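Reviewing the structure listed below.
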Amino acid sequence: MSFEYNWEKIREIQPLIHHITNSVTINDCANMTLACGASPVMADAEEEVEEMVVQSQSLVLNMGTLSKSYIDRMIKAGKAANQQQVPVVLDPVGVGATSFRFQSVERLLAEVKFAVIRGNASEISTLCGSRAGKGVDADTEFETILPDIQKLAKRLNTVIAVSGSVDYVTDGEREVRIYNGTPLLSQVTGTGCMSTSVIGCCLGAGLEALSSAVTAYVAVGLAGEWAERMKGNAGLGTFRMYLMDSVSQMNNQWLAKEGKIDAR
Amino acid sequence: MSFEYNWEKIREIQPLIHHITNSVTINDCANMTLACGASPVMADAEEEVEEMVVQSQSLVLNMGTLSKSYIDRMIKAGKAANQQQVPVVLDPVGVGATSFRFQSVERLLAEVKFAVIRGNASEISTLCGSRAGKGVDADTEFETILPDIQKLAKRLNTVIAVSGSVDYVTDGEREVRIYNGTPLLSQVTGTGCMSTSVIGCCLGAGLEALSSAVTAYVAVGLAGEWAERMKGNAGLGTFRMYLMDSVSQMNNQWLAKEGKIDAR
Amino acid sequence: MSFEYNWEKIREIQPLIHHITNSVTINDCANMTLACGASPVMADAEEEVEEMVVQSQSLVLNMGTLSKSYIDRMIKAGKAANQQQVPVVLDPVGVGATSFRFQSVERLLAEVKFAVIRGNASEISTLCGSRAGKGVDADTEFETILPDIQKLAKRLNTVIAVSGSVDYVTDGEREVRIYNGTPLLSQVTGTGCMSTSVIGCCLGAGLEALSSAVTAYVAVGLAGEWAERMKGNAGLGTFRMYLMDSVSQMNNQWLAKEGKIDAR
């Protein structure tokens, strides 16, 4: 399927990507944003999130490590972003794991309009209404909840991106499946968070929401494939280094040539 | 001495390891847990620590960067873990450095039962009652406090693991010394924290407490030795990458063949 | 120009460098401090910052991710450091970006005496009184604010270090320009923060403030140049690894032979 990649726009525009994100992978997300050619800013103080976000080209909200006050600040930043037409992407990390996370996401979804929501199958299925989101990661089960995901995307007027052995992106109408990647990506912490940051970079460069999610998935997937080839018999430390290497060398030609997507 | 390693159990069971840990090395601990074949979850909100820990196979409490509220949440998680027989490992980082740290550990020890406590000689000697724990790192002095360490292990009904040029593990009766490792391990931040996470992985895979500490020390020690050989004339950045590589490729054969332990 | 480097003093004295720093690059700063041969301690609890700083040989205050309470604790630590003649270095990250950051720096400057303040041209120009610090990064504009920077250094009785394509250090009288480095350094997160930590290491080893800033700039610049050569056609992940490698292998000979400085 032919899909137009606009990766170079990130390097051209060098958008400022405001993150309110978790303490586990915050460094990885900053480096991934730089590797894409954008500029990260990680500011989460109540006193400044609004002032920061309106200077930014997109906002990444990642609830990996959260607290009540954290969600308050995310909502504050998200509302300011909405008012100024700064696109917002949400990563509902572990939303199915605790009721606190579930309630936090409900607050976020009620208060903020998201351009893209990215999670794994378990997280997204939880958003679709089933608190018992675990085990949905299996591919066969995942197919059964696709109608719910499309319905949710329509209801929230957002693009939903689901990471898995095959990545899935929908705006409720269009559907795109991305076949790039490697299982090694799930053996390094933060590759999900980093994908969300790459979506933020694409949104910040002016790409449309669905294209942003697809482009990010292809880019991270190809980077993973390349890192796996490059590492040879080495282990996860080497893989992780080459992952960052390849994103920093990504370009439209590479995406167009090796991206494996199926769009309907 | 013959010691039975059960490293593959981590990859087989893929336990969920709940960390409440410091902001300095939280990413390293997550990646180290993944390299072992387990799954890390880093959640520290008051509202969710109890719900998270009861879904986990072990709990790692690391007080590298702490605050009063942090200790409260550690105690909350630790108590829930104790009730559900989820084993807990403590890393009393820098306990001898400030009275706040000393009092925080006293609260933790009074409220939570630990399967393993891991620290360096200075930290463990502080736990033994001497606030003036500094300088104990010297090997000769360390030998003089062994009876105190054994007494403490018995009193707390725990396993105590002491990192040093020779690592030492005791449950108050048995004693194991581990001779693997390299001084380079102390020139990278977080190798102590990562050892504690590896103990958490072993505990989460169902290994007995003393075996967990010994296995973790041998694994990290061998990984360090291998990383030192692999780096050749390169520096600490390369060493750190290979350290993660080798843990991700650790196995029982390697541990049994190159582990140097002396048990009584 | 002949300049006497005292890098080996860091390895000789192994100073303890107390950091109160941001969550994005805290791990990088700890590893950079270790790579220099010093010992990092990252403690920011209200209850312990004073007790920790008086055991340290220098204090690094970095406001990358800040909050009101964070600034309170920085001031507490900074005052204790001042009383005990422990030198303090400030990194006013993003001071021009929000009014909260600007007010926070004003509080810090009013309450704490700094040995060195290190920032980029935009940040330092904001400190010079112009809130509209953006765009000052351009080299030509930068020259126009040099008199303001010298005036500020004199007024605060401090050394000001400005990172840029050419680094600039002044105590209000003397001026040093450092021509080492590579644009790649700005494509990895935390290289500014890490430079500040290296200044902290130099101060902690007893180097004079101006020498500390110059030495740190030359060391990080040379490390970047070497990492760029070593990475060849590889990307930012590899560059970052070699950056840490080369700092861990830095020495006076290297600094003296390849350092390019111009002092007046």
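What residue, of A:MET52, A:MET74, is open to solvent by less than 40 Å² (accessible area, probe 1.4 Å), more than 17 Å from the chain's Cα centre (by Cα) and away from chain B (no Cβ under 13 Å)? Walk me through it before giving the result.
Details: A:MET74 fails: more than 17 Å from the chain's Cα centre (by Cα).
After applying the criteria, what remains is A:MET52.
Each row is one residue, and each column tells you yes or no for (1) in contact with a helix residue (DSSP H, G or I) (Cβ under 7 Å, 6 or more places away or on another chain); (2) of a type in the set (Asp, Glu); (3) within 18 Å of C:LEU90 (Cβ to Cβ).
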position: C:GLU141; (1), (2), (3): no, yes, no
position: C:LYS154; (1), (2), (3): no, no, yes
position: C:TYR168; (1), (2), (3): no, no, yes
position: C:ARG177; (1), (2), (3): no, no, no
position: C:GLY200; (1), (2), (3): no, no, yes
position: C:ALA216; (1), (2), (3): yes, no, yes
position: C:TYR242; (1), (2), (3): yes, no, no
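So is B:GLU228 within 20 Å of B:SER165 (Cβ to Cβ), within 14 Å of another protein chain (Cβ to nearest Cβ) and open to solvent by 10 Å² or more (accessible area, probe 1.4 Å) or not?
Yes: the conditions hold for B:GLU228.
Here's a check for you: in the stretch A:3-32, which residue that is β-branched (Val, Ile, Thr) and either within 11 Å of chain C (Cβ to nearest Cβ) or not in a helix (DSSP H, G or I) (or both) is farthest from A:ALA209 (Cα to Cα)?
Within the stretch A:3-32, the subset β-branched (Val, Ile, Thr) is A:10, A:13, A:17, A:20-21, A:24-26.
Filter once more, keeping what is either within 11 Å of chain C (Cβ to nearest Cβ) or not in a helix (DSSP H, G or I) (or both): A:17, A:20-21, A:24-26.
Details: A:ILE17: 15, A:ILE20: 19, A:THR21: 20, A:VAL24: 26, A:THR25: 23, A:ILE26: 23 Å.
Here the answer is A:VAL24.
Restricting to the stretch C:190-236, name every residue that is on the phi > 0 side of the Ramachandran plot and in contact (Cβ under 8 Å) with a residue 24 or more places away in the chain.
So in the stretch C:190-236, the residues on the phi > 0 side of the Ramachandran plot come out as C:190, C:206, C:232.
Within the stretch C:190-236, C:GLY190, C:GLY206 meet the criteria.
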B:SER165 meets each of (1) more than 14 Å from chain A (Cβ to nearest Cβ); (2) assigned to a helix (DSSP H, G or I); (3) open to solvent by 20 Å² or more (accessible area, probe 1.4 Å); (4) of a type in the set (Ser, Thr, Tyr) with one exception, condition (2)
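Inspect the stretch B:196-218 for any residue being at pLDDT 95 or above, part of a helix (DSSP H, G or I) and within 14 Å of chain C (Cβ to nearest Cβ) and give the result as yes or no. Outline the logic, then answer.
Narrowing the stretch B:196-218 to residues at pLDDT 95 or above: B:196-218.
Of the ones still in play, those that are also part of a helix (DSSP H, G or I) are B:196-204, B:209-218.
If we keep only those that are within 14 Å of chain C (Cβ to nearest Cβ) too, we end up with none.
Checked the stretch B:196-218: no residue is at pLDDT 95 or above, part of a helix (DSSP H, G or I) and within 14 Å of chain C (Cβ to nearest Cβ).
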Within the stretch C:1-21, residues at pLDDT below 95 and open to solvent by less than 60 Å² (accessible area, probe 1.4 Å) come out as C:PHE3
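So if I check each of C:SER122, C:SER99, C:SER104, which one is within 14 Å of chain A (Cβ to nearest Cβ) and surrounded by fewer than 21 Cβ atoms within 10 Å (Cβ to Cβ)? Step through it out loud before you land on a result.
On the way: C:SER122 fails: surrounded by fewer than 21 Cβ atoms within 10 Å (Cβ to Cβ); C:SER104 fails: surrounded by fewer than 21 Cβ atoms within 10 Å (Cβ to Cβ).
After applying the criteria, what remains is C:SER99.
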Exercise. State yes or no: is A:GLY181 free of Cβ contacts under 8 Å to residues at least 60 places away in the same chain, buried (at least 19 other Cβ atoms within 10 Å of the Cβ) and among the small types (Gly, Ala, Ser)?
Key: yes
Within the stretch A:185-192, can one find any residue that is over 16 Å from the mean Cα position of the chain (by Cα), modelled with pLDDT of 95 or more and open to solvent by 10 Å² or more (accessible area, probe 1.4 Å)? yes
Within the stretch A:33-49, the residues that are of a type in the set (A, V, I, L, M, F, W, C) and within 10 Å of chain C (Cβ to nearest Cβ) are A:LEU34, A:ALA35, A:VAL41, A:MET42, A:ALA43, A:ALA45, A:VAL49
Taking the stretch C:68-115 and keeping residues farther than 16 Å from A:GLU51 by Cβ, without any contact (Cβ under 8 Å) to a residue 40 or more places away in the chain and touching an Asp or Glu at 6+ places or on another chain (Cβ under 7 Å) leaves C:ILE75, C:LYS76, C:GLY78, C:LYS79, C:ALA80, C:PRO92
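Out of curiosity, is A:ASN27 touching a Gly at 6+ places or on another chain (Cβ under 7 Å) and over 16 Å from A:CYS201 (Cβ atoms)?
On the way: touching a Gly at 6+ places or on another chain (Cβ under 7 Å): no; over 16 Å from A:CYS201 (Cβ atoms): yes.
No: the conditions fail for A:ASN27.
Out of everything in the stretch C:235-255 that is of a type in the set (A, V, I, L, M, F, W, C) and more than 20 Å from A:VAL247 (Cα to Cα), what residue ends up being farthest from the other protein chains (Cβ to nearest Cβ)?
Just the residues of the stretch C:235-255 that are of a type in the set (A, V, I, L, M, F, W, C), to begin with: C:236, C:239, C:241, C:243-244, C:247, C:250, C:254-255.
Retained after the next criterion (residues that are more than 20 Å from A:VAL247 (Cα to Cα)): C:244, C:247, C:250, C:254-255.
Values: C:MET244: 3, C:VAL247: 8, C:MET250: 9, C:TRP254: 13, C:LEU255: 16 Å.
Per the criteria, the residue is C:LEU255.
Can you work out which of the residues in the stretch A:135-157 that are in a loop (DSSP other than H, G, I, E, B) and surrounded by 14 or more Cβ atoms within 10 Å (Cβ to Cβ) is modelled with the lowest pLDDT? Outline the logic, then answer.
In the first step, residues of the stretch A:135-157 are kept if they are in a loop (DSSP other than H, G, I, E, B); the result is A:135-138, A:145, A:157.
Keeping just the survivors that are surrounded by 14 or more Cβ atoms within 10 Å (Cβ to Cβ) gives A:136-137, A:145.
Numbers: A:VAL136: 46, A:ASP137: 49, A:ILE145: 91.
Of everything passing the filter in the stretch A:135-157, A:VAL136 is modelled with the lowest pLDDT.
The values are calculated or read from the model by the stated rules, or taken from the named source; none is laboratory data. This structure is a prediction, so every number in the text was calculated from the model and none was measured. For neighbour counting, all protein chains shown are included, and Cβ atoms are generated from backbone atoms with ideal geometry for every residue, glycine included. For accessibility, only protein heavy atoms count, side chains too; no ligands or nucleic acids. Shrake-Rupley method; radii C 1.70, N 1.55, O 1.52, S 1.80 Å.
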